[in-house]
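Each remark here refers to the structure printed beneath this line.
The values are calculated or read from the model by the stated rules, or taken from the named source; none is laboratory data. In this text the structure is predicted, and so the values were computed from the model without any measurement. We place every Cβ from the backbone using ideal geometry, glycine too, and count neighbours over all the protein chains shown. For accessibility, only protein heavy atoms count, side chains too; no ligands or nucleic acids. Shrake-Rupley method; radii C 1.70, N 1.55, O 1.52, S 1.80 Å.
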Amino acid sequence: MSRHGQEQDSGMERTFAALPPARGRAFARTWWGRAWLAALEDAALDATAVKAGRRLARAGEVGAVTVRPGRVTAVVREPKGTAHRADVLVPELSESEWARFLDLAMGQAGHLAALLDGDLPSHLIEDAAVRGIELLPGLGDLEPECDCGAWDHCGHTAALCHQVARLLDEDPFVLLLVRGRAESRFLRELHQRSTEPPDEAAEPGEADTSEGVDAAEAWAAADILPALPELPALPEAPGGPPPYEAGTAPVPALDPEALRYLAGRTAQEAHRLLAQAHGSGGLEAPDHREQAAAVDVVRLADADGAVPDAVAERLAQGSGRGREGLARAVRAWRLGGAAALAVLDEEWQVQDAALARARAALEAAWEADERPSFRAVGNRWTVPDEEVQLRLGRDGRWWPYRKEDGHWVPAGAPDRNPATALAAARLDPEAGTPAGD
C-alpha cells in the first residue's frame, strides 16, 4: 500500500508531510474518501466554507497532517499568509465495536489475508457498516475546532477534511487510527486471533465423549476401500416427462399440464447441473435465498415462450402479479436473478453510510453542469422529464429503469457507476440508441 508523504509514525500518532497542490484532479478517488467528504458537506451549515476549504486544499495551503485517535490536525495557511491551527474530532469506536470488527475480519479468509498483507479491503468497511460498525463518519461525526474562532466548519477545517480524503485514498488504515486503533495494534490483535486454537483443550482426566473413527484404523483401511464410481455420461439433451395417458382418470386437484411442465423444467435443471459437474469437477452450493416460492414462480415462468398458456395463467395468478407483472418480473430475473427481483419489488430507505456512498457516487459520476436533476424517493432516483430511473440495490449497484406503458421496467444490467446505468436506461429499446436521438 502506498504510504508516500508520511514523515513519522509513532503507532498512535502518524504525521504526513504536506501534499502538493491538487489542481486538475478530484480530491477523492475511492468511495470511502468520497464518503468522508460527503460527511463534511452534510455537517457544514455554510456551503461557502466547504468551497473555501476546497480552494485552500487545492492550492496546497494545508501543512503536515497529524492523525491521532479521535483527532486530525494541521496548520492551514490563507492566501494572505495568515496561518491557523485546524482540528477535526471524530468519535472513537468502543472496545466492543473493535472486538466485533475483528470477528468480522476473521470471518472471511479474503479479508484476513488482505489485512495480514497490509491492505484494508473496501468490502470489509462495507460489511462492517451493514453490521452497525461505522468506520466512515456519519452526520455530525466530523466536529470542527479552529483557532480562527469559528463555531462551525470554516474554510480551514474544510481544507483539512479535503486533505484527509486524499490520505484515505492512499492509506485507508488512516481511518482505523482516527477511529481509535493503530495499524500495528490492530494487526497484532488480528494475528493473535488467527493463531489461537479454536477450542480449549480438555482438562486432564476429562472424558472425551466425541464420536469418531480411530485415525490408525482409517489409515489402514484406505487401500481396501472401493474407488468412487465414474460420473454418468452427459446426455445430448434433457429428457422429457413420460406421456400422460388420456385414459387414466386425473387425480383430484392435480393439473396434468402443470405437472408435465414442472417435470420438463426439472429435467432441464438436472441436465444443467450434470453438465456443470462434467465441466468443473463439482457442483456449486445451491443458493437457498432463491428457494422462496415468490422467486421460484418467476424462475418457472422464464421459458422463452414455452410455458403453456394454462400454466402461464396459473403462475400469473399464483404469484399475485398478473400476466403483465409476471412478464416484468421475468425480465428482471433474466438480468440478475433474485437480486434483480428484489430491486424490482422493494423500495427501501437509504440511510447513513449507504446514503453517503450513494451521494458520493452520484456527485462523482458527472460534472456539476452535466448532472441530471434527480427526484429521490427511497432507493429510487428518477429523472422526471425523461421517464428514466436509477434504483440502488443493497449491494451498492445501480439498476437502470425506464417507464414503458405506465410501468417502470428494468432496462439493463446493473453497474457500480450510476452514469453508466443511466445511459442504459436512456437507450431506445427499439433502435439501441439514446432516446430522443
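With all protein chains in place and ligands, DNA and RNA left out, the 1.4 Å accessible area ranks 273, 115 as 273, 115, largest first. Across all C-alpha atoms in the stretch 14-60, the radius of gyration and Dmax reach 11.6, 30 Å. Approximating the spin labels as points 7 Å out from Cα along Cα→Cβ, the residue 405-to-residue 262 distance works out to 2.9 nm.
If you take the beta carbon distance between residue 26 and residue 296 as r and set R0 to 45 Å, what does 1/(1 + (r/R0)^6) give as a FRET efficiency, to the nearest 0.05?
Values: r = 45 Å, r/R0 = 1.00.
Between residue 26 and residue 296 the formula returns 0.50.
So, R0 is 60 Å and r is the distance between the beta-carbons of residue 348 and residue 271; what FRET efficiency does that work out to, to 0.05? Provide the component values of the computation, followed by the final result.
On the way: r = 37 Å, r/R0 = 0.62.
Calculated transfer efficiency: 0.95.
Give the residue list of GluC sites (Glu not before Pro) in the stretch 133-175 that are DSSP loop and have at most 11 other beta-carbon atoms within 10 angstrom.
Working: sites: 134, 145, 170; in loops: 134.
Hits after loop and neighbour filter: nothing returned.
The phi torsions of the stretch 357-373, fed into the Karplus equation with coefficients 6.51, -1.76 and 1.60 and a -60° offset, translate into couplings of 5, 5, 5, 5, 5, 5, 5, 7, 6, 9, 5, 4, 7, 10, 5, x, 8 Hz, rounded to whole numbers, with Gly and Pro shown as x.
Each of residue 108 and residue 416 was given a label point 7 Å from its Cα along the Cα-to-Cβ line. The distance between the two points is 1.3 nm.
Residue-wise HN-Hα couplings along the stretch 145-154, as the Karplus relation 6.51 cos²θ - 1.76 cosθ + 1.60 with θ = phi - 60° gives them from phi, are 9, 9, 6, 6, x, 5, 8, 10, 4, 10 Hz; Gly and Pro carry x. For the stretch 319-334, the residues whose amide N sits under 17 Å from a probe point set 7 Å from the Cα of residue 313 along the beta carbon direction are 319-327. About the centre of its Cα atoms, the stretch 340-393 shows a dipole size close to 200 debye [charges on the beta carbon of Lys, Arg (+1) and Asp, Glu (-1) only; nearest 20 debye]. Between the beta carbons of residue 334 and residue 94, assuming R0 = 56 Å, the FRET efficiency works out to 0.75 to the nearest 0.05.
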